[in-house]
């Protein structure tokens, strides 16, 4: 069999026509929607994790206040915990 012949039983496929301009645009829009959806879900999960850490840290403040630590260390720990919310929601402060 030579390199230029096609084996019997194997149909040659016709070249596929190029997708229309509109189809290319919709493919691009669909891929952008999928990208946005993935990143929105990831950002929401990260935001919820940070909020959970903030709530747990805020609940820990009364425990620190009641602890028998020197007042300067207790004050420092409480301030550090309350300042944790600043970088997450800078427009609030």
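The values are calculated or read from the model by the stated rules, or taken from the named source; none is laboratory data. As the structure is a prediction and not an experimental result, all values here were calculated from the model. So basically every Cβ, Gly included, is an ideal-geometry build from the backbone, and we count neighbours across all protein chains shown.
Within region 47-55, does at least one residue satisfy the condition of being in contact with a helix residue (DSSP H, G or I) (Cβ under 8 Å, 6 or more places away or on another chain) and modelled with pLDDT of 80 or more? Yes, that holds for at least one residue.
Please verify whether region 81-89 includes one or more residues that are out of contact with any strand residue (DSSP E or B) (no Cβ under 8 Å at 6 or more places or on another chain), exposed (fewer than 11 other Cβ atoms within 10 Å of the Cβ), at pLDDT below 80 and in a helix (DSSP H, G or I). Let's see the steps before the verdict.
First pass over region 81-89, keeping only residues out of contact with any strand residue (DSSP E or B) (no Cβ under 8 Å at 6 or more places or on another chain): 81-89.
Still in the list and also exposed (fewer than 11 other Cβ atoms within 10 Å of the Cβ): 83, 86-87.
Then drop every residue that is not at pLDDT below 80, which leaves 83, 86-87.
Keeping just the survivors that are in a helix (DSSP H, G or I) gives 83.
Within region 81-89 (the criterion being out of contact with any strand residue (DSSP E or B) (no Cβ under 8 Å at 6 or more places or on another chain), exposed (fewer than 11 other Cβ atoms within 10 Å of the Cβ), at pLDDT below 80 and in a helix (DSSP H, G or I)), the answer is yes, since at least one residue qualifies.
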